[in-house]
Amino acid sequence: MRFPLKGNSDNGRKKAQHMSKKDKLWSGRFSRETSDLMERFSQSVSFDKRLYRHDIAGSLAHAEMLSAQGVITTAEFRKIRKGLREIQKEIESGKFLWSVEQEDVHMNIESALIEKIGEAGKKLHTGRSRNDQVSTDMRLYMMEEIDAICDLITGIQRELVRRADQESGTVMPGWTHMQPAQPVTFGHHLLAWNQMFERDYRRFRDCRGRTGECPLGSAALAGTGYPIDRKMTAAQLGFARVMANSLDGVSDRDFAMEFAACGSILMIHISRIAEELVLWSMPALDFVDIGEGFCTGSSIMPQKKNPDVAELMRGKSGRAVGNLVTLLTIMKSQPLAYNRDNQEDKEPLFDQVDTVKSCLEVFRAMLPGIVVHPENMTRAATVGNPTATDLADYLVGKQIPFRDAHEIVGRIVGYTVWNDTHLHEIPLEKLREFSDRIEEDVFETITLEGSISRRNHAGGTAPKQVRKAARDAMRTIKARSQ
């Protein structure tokens, strides 16, 4: 049966568009109808109809090429073009009636075209197969979605870099093993996030390059005997090149797996960032305040302000990794060429697209409303003697071997623990009891500001370096649009 898109109320075309099971476009070899159970089990139109624009674009390019090569007439091409454009309008207006019996988006559109224009519609599929057709559709879809994802990543990077420049002097604790390590600046931390997204951006652009190869013309697996012009259709559809091997053209799903891998890595990055936001927004730390528009309350505890959006983004990373594993598993045992297993690639791939885009959209919207509490960050940065390494380096500068310096500072840290104090609060006279090499200038080293300012090199956390890195990052981002 045919079923409408959501919101469709035009049932008047149902009888006209209905085709019996015996009218399937591939049914010539069969003497019996397929079972209802088989049709429900094997149909993909319920989810692959989102490829309709790409399917129609591929068919238009294919038909124009067939006309240019003399395989069909110009008049036939014009009828096909007119019919396909009308079908696209019907789909987008919600008037098109999708049919489970016609299995997928490709057969639905082709059968509707034949009903609409007659004999000319039957010639559209000349020189191609659903095998190269679906691969073409998916690649067109993925190229478009990768571009959208890269735009979202760039928007996030702009905000991160802008905020990093503003927070170049805001001191915060740097942790390893979730224990106090060394002080850093919040701007430096934001630029670390930016570097994660920069790698994601480059991975997706690389993925798009490999996705941008046109399989159309591979036909079922061996190519076609018709005098087709593959370069013509590839250029019309925006592909950089044609795929070099017809067997590979119909069976390759590397681009889908690669996209899912890129999306999984991106989602792991988002999950890590979300985890930090959850931790930082705890009242015990109170480093940041996440805007109320991205938090929820409790059904029982009136005081709660829960960072639910950050937690959901963290949780969706598992979903993204699952989609990658699904695609890898689908492909792992497939011989060449096309197999019906590949129908199962679309739902995890579509879900990967939707998950990645929704998380990027929410994260980009959430970022500007995050309020920083620098006084709380700085206060936390004093806990745990985070400048102990600076003191050890100071002693090395006084010609003490590092291992000896490490031991001396370890004993000084022990003193702070037993006496509930901090390194920078110990009087000079007391410090000299541990080493007579310690002099007045030590206090330029073991303060938070002193520690940070000493990291004045490329990639370091010194405010001067953070501001320079932010400017360089913004130039990289702006260059993408030139």
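Looking across segment 467-476, the residues that are under 26 Å from residue 151 (Cβ atoms) and either surrounded by 20 or more Cβ atoms within 10 Å (Cβ to Cβ) or in contact with a Ser or Thr (Cβ under 6 Å, 6 or more places away or on another chain) (or both) come down to 469, 470, 473. The set of residues from segment 98-122 being under 15 Å from residue 71 (Cβ atoms) and either hydroxyl-bearing (Ser, Thr, Tyr) or surrounded by fewer than 20 Cβ atoms within 10 Å (Cβ to Cβ) (or both) comprises 119, 122.
State the number of residues belonging to segment 25-45 that are open to solvent by 10 Å² or more (accessible area, probe 1.4 Å) and either among the basic types (Lys, Arg) or at pLDDT 95 or above (or both).
At the first step, the residues of segment 25-45 found to be open to solvent by 10 Å² or more (accessible area, probe 1.4 Å) are 25-43.
Those still in the list that are either among the basic types (Lys, Arg) or at pLDDT 95 or above (or both) too: 29, 32, 40.
Residues that pass the stated criteria total 3.
Within segment 235-250, identify whether any single residue is touching a His at 6+ places or on another chain (Cβ under 8 Å) and within 23 Å of residue 140 (Cβ to Cβ), and answer yes or no. No, because not a single residue in segment 235-250 is touching a His at 6+ places or on another chain (Cβ under 8 Å) and within 23 Å of residue 140 (Cβ to Cβ). Scan segment 358-381 and tell me whether some residue there is in contact with a Lys or Arg (Cβ under 9 Å, 6 or more places away or on another chain), open to solvent by less than 10 Å² (accessible area, probe 1.4 Å), assigned to a helix (DSSP H, G or I) and more than 30 Å from residue 292 (Cβ to Cβ). Taking every residue of segment 358-381 in turn, none turns out to be in contact with a Lys or Arg (Cβ under 9 Å, 6 or more places away or on another chain), open to solvent by less than 10 Å² (accessible area, probe 1.4 Å), assigned to a helix (DSSP H, G or I) and more than 30 Å from residue 292 (Cβ to Cβ). In segment 149-163, the residues that are farther than 24 Å from residue 466 by Cα and open to solvent by 20 Å² or more (accessible area, probe 1.4 Å) never reach a residue that is at pLDDT 95 or above and of a type outside the set (Ser, Thr, Tyr) with C-beta atoms less than 9 angstrom apart, at least six apart or across chains.
Inside segment 53-74, can you point out the residues that are in contact (Cβ under 8 Å) with a residue 12 or more places away in the chain, farther than 20 Å from residue 143 by Cβ and in a helix (DSSP H, G or I)?
Step one: of segment 53-74, the residues in contact (Cβ under 8 Å) with a residue 12 or more places away in the chain are 53-66, 68-72.
Checking which are farther than 20 Å from residue 143 by Cβ leaves us with 63, 66, 68-72.
Within segment 53-74, 63, 66, 68 meet the criteria.
In segment 75-84, the residue that is farthest from residue 228 (Cα to Cα) out of those that are among the basic types (Lys, Arg) and in contact (Cβ under 8 Å) with a residue 24 or more places away in the chain is 82.
Residues that are surrounded by 13 or more Cβ atoms within 10 Å (Cβ to Cβ), more than 30 Å from residue 161 (Cα to Cα), at pLDDT 95 or above and in contact with a Phe, Trp or Tyr (Cβ under 6 Å, 6 or more places away or on another chain) do occur in segment 395-407.
Residues are listed down the side, and each one gets a yes or a no for (1) of a type outside the set (S, T, N, Q); (2) under 16 Å from residue 142 (Cα atoms):
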position	(1), (2)
226	yes, no
233	no, no
256	yes, yes
262	yes, yes
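All of (1) closer than 24 Å to residue 337 by Cβ; (2) in contact (Cβ under 8 Å) with a residue 24 or more places away in the chain; (3) open to solvent by less than 20 Å² (accessible area, probe 1.4 Å) hold for residue 234 with one exception: (2). When segment 411-427 is filtered for residues that are surrounded by 13 or more Cβ atoms within 10 Å (Cβ to Cβ) and in a helix (DSSP H, G or I), the ones remaining, listed by number, are 412, 413, 415, 416, 423, 424.
Test of understanding: among 355, 326, which residue is surrounded by 14 or more Cβ atoms within 10 Å (Cβ to Cβ), within 19 Å of residue 153 (Cβ to Cβ) and out of contact with any strand residue (DSSP E or B) (no Cβ under 8 Å at 6 or more places or on another chain)? Before the answer, list the steps.
On the way: 326 fails: within 19 Å of residue 153 (Cβ to Cβ).
Within the list 355, 326, the selection yields 355.
Listed by position, the helices (runs of 4 or more DSSP H) inside segment 235-353 whose residues that are among the hydroxyl-bearing types (Ser, Thr, Tyr) and over 30 Å from residue 175 (Cα atoms) number at least 2 are 246-251, 308-331.
The values are calculated or read from the model by the stated rules, or taken from the named source; none is laboratory data. Small disclaimer: the values here were computed from a predicted structure and weren't measured. Counting neighbours? That spans all protein chains shown, and the Cβs are built from the backbone with ideal geometry, glycine included. Just so you know, the surface numbers come from the protein's heavy atoms only, side chains and all, with ligands and any DNA or RNA stripped out. Shrake-Rupley method; radii C 1.70, N 1.55, O 1.52, S 1.80 Å.
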